[in-house]
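A short write-up of the structure that comes next.
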Amino acid sequence: MIVIKDIITLKQQLNNNRKTNKSIGFVPTMGALHAGHISLIDESNAHNDVTVCSIFVNPTQFNNPEDLKKYPKTIEADIDKLEKANCTFLFLPEVDEMYQTGETIEQYNLGNLETILEGKYRPGHFQGVCIIVEKLLNAVEPDVLYLGRKDYQQCMVINKMMSDKKMTTILQICDTVREDDGLAMSSRNMRLNQVERKQALRIIESLKLIKDNIKQGDITELKKRSTFFLETNGYKVDYIEIADAETLALQNEWDGKRKLVALVAAYLNEVRLIDNIVL
Ligand code: PAF
C-alpha cells in the first residue's frame with residue numbers, strides 16, 4: 001500500500017492508473033478502523049482495480065470539541081489492517097492540507113436532513129461532513145464511493161450533496177457490519193468498558209422491539225415504548241424515530257405499506273451510540 005499525504009501526489013498517482021483505464025473505489029474514514037471499514041475496502045477491491053482509503057479526523061464535523069479530542073487515533077493498527085486488506089492507496093492528509101486559512105466555506109442546502117435526527121442533535125455536523133466529502137471526492141475522483149448504512153442519514157446527506165453537485169461518482173451503500181451478538185461496529189465501541197459493552201446490546205434490542213411490534217396505524221406509542229426500554233436500561237436517549245426509508249420524513253402513523261427505517265441515538269454514560277434498521 002502506498003501512503004500519500006498531499007493532494008497533488010494523490011492526483012498524479014491516480015491519473016497514472018486512470019490512463020490505463022483502471023477503475024477507482026474510494027472508502028473515506030476517520031480511522032480507528034474495524035471490520036465494518038474493512039468490509040468496505042473488500043467491497044471496493046472486489047469491484048475496482050484500485051482502492052483508495054482516506055483517514056482524516058475532520059474537525060469541521062465535530063460540533064462538540066470534547067468529542068473531537070476523544071476521537072480514537074490508532075494509525076499504526078489502521079495501516080496494518082489496510083495492508084492486510086490489500087488497499088492500494090492510503091490518503092493521510094494533515095488538517096492544513098484539507099483546509100486553507102481564510103478559505104470560504106460553502107453552505108450546503110440539505111433540506112430537512114439538516115434539522116432532523118442527527119441534524120437536530122449535532123448542529124453543523126452534516127455541513128462539516130459535506131465540506132470534507134466534497135473535498136475528498138474532488139481529490140480522489142473515484143468511480144465508486146463506498147459508505148456504510150450504519151450512518152443512514154449521512155448516506156442520504158452525501159447522496160444529496162453529490163446529486164446537487166452533479167457528480168458522476170456512483171454511491172454504493174453497504175450493509176452495517178455487526179459483532180456476533182448484534183452490536184453495530186463503530187469506532188466509538190472502543191470507548192465502552194466491559195459492563196457498558198454488554199449494556200450496548202440494548203441499542204439493537206430497542207430497534208428490534210420496533211421491528212417486531214410495528215402495526216398499521218398509530219406508531220407513536222411504539223416509539224415511546226422503545227424509548228422507555230432504553231431509559232430504564234440506563235441510557236439518555238437523544239431520539240428513537242421511525243422514518244420513511246427513502247426521504248427520512250418522520251412518521252407517526254403507518255399505512256402498512258410504506259418502507260420505513262427505525263433509527264436511534266442514545267448515550268451510554270459518555271459514549272453516544274447510533275444504529276438503525278430498515279423495517
Ligand atoms: O463516517 C465517517 O467516518 C465520516 O463522517 C466521513 C464520511 C469519513 C467524513 O469525514
Inset, instruction - Provide Phe91, Phe56 in ascending order of the number of other Cβ atoms located within 10 Å of each residue's Cβ, fewest first. - result: Phe56, Phe91
Inset, instruction - For region 81-133, report the translational diffusion coefficient in µm²/s to the nearest whole number, using Stokes-Einstein at 37 °C, 0.692 mPa s, and a Kirkwood Rh over Cα pairs. - result: 239
Legend entry - Rg/Rh ratio calculated on Cα atoms of region 155-278 (Kirkwood radius): 1.00
Legend entry - Rg/Rg_ref, the chain, where Rg_ref = 2.2 N^0.38 Å and atoms are Cα: 1.03
Inset, instruction - Treating only the Cβ atoms of Lys and Arg (+1) and Asp and Glu (-1) as charged, compute the dipole magnitude of the chain about its Cα centre; round to the nearest 20 debye. - result: 300
Inset, instruction - Determine ³J(HN,Hα), in whole Hz, for all residues of region 108-118 in sequence, where each value follows from phi through the Karplus function 6.51 cos²θ - 1.76 cosθ + 1.60 and θ = phi - 60°; x replaces Gly and Pro. - result: 8, 8, 9, x, 5, 4, 6, 10, 9, 6, 4
Inset, instruction - About the Cα centre of region 1-85, how large is the charge dipole given +1 on each Lys and Arg Cβ and -1 on each Asp and Glu Cβ? Please answer in debye to the nearest 20. - result: 300
Inset, instruction - Give me Rg over Rh for region 43-92, both radii from the alpha carbons and Rh done the Kirkwood way, two decimal places. - result: 1.08
Legend entry - Spread of Cα-to-Cα distances over 5 Å intervals beginning at zero, given as percent, for region 217-279: 4, 18, 28, 23, 15, 9, 3, 1
Inset, instruction - Can you put Ile55, Ile2, Ile219 in order of Cβ neighbours within 10 angstrom, beginning with the fewest? - result: Ile2, Ile219, Ile55
Inset, instruction - Collect residues whose amide H, placed 1.01 Å from N in the peptide plane, falls under 5 Å from the amide H of Asp275; neighbours closer than 5 in sequence don't count. - result: Val264
Inset, instruction - Return the tail of the calculated pair distribution for region 1-151, meaning the percent of Cα-Cα pairs more than 26 Å apart. - result: 27
Inset, instruction - Quickly work out the Thr104-to-Val57 label distance, labels modelled 7 Å from Cα along the C-beta direction, and quote it in nm with one decimal. - result: 3.2
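For region 108-221, take the convex hull of the Cα atoms, compute a quarter of its surface area, and give me that in nm², please. Mind dumping the intermediate values first?
Details: hull surface 38.3 nm².
The number I arrive at for region 108-221 is 9.6 nm².
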Inset, instruction - Would you work out which of Asn109, Pro93, Leu82 lies farthest towards the positive end of the dipole of region 79-120, given +1 charges on the beta-carbon of Lys and Arg and -1 on that of Asp and Glu, about the Cα centre? - result: Leu82
Inset, instruction - Give, rounded to the nearest 20 debye, the magnitude of the charge dipole that region 78-166 has about its Cα centre when Lys and Arg contribute +1 at Cβ and Asp and Glu contribute -1 at Cβ. - result: 500
Inset, instruction - Return the Cα extents of region 1-53 along principal axes one, two and three, sorted largest first, each rounded to a whole Å. - result: 32, 25, 15
Inset, instruction - Based on other C-beta atoms within 10 Å, arrange Thr9, Thr232 from fewest to most. - result: Thr232, Thr9
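Throughout, read-outs are computed from the coordinates displayed, never taken from laboratory work. Just so it is clear, the model here is predicted, and its values are computed rather than measured. Neighbour counts run over all protein chains shown; Cβ positions are idealised from the backbone, glycine included.
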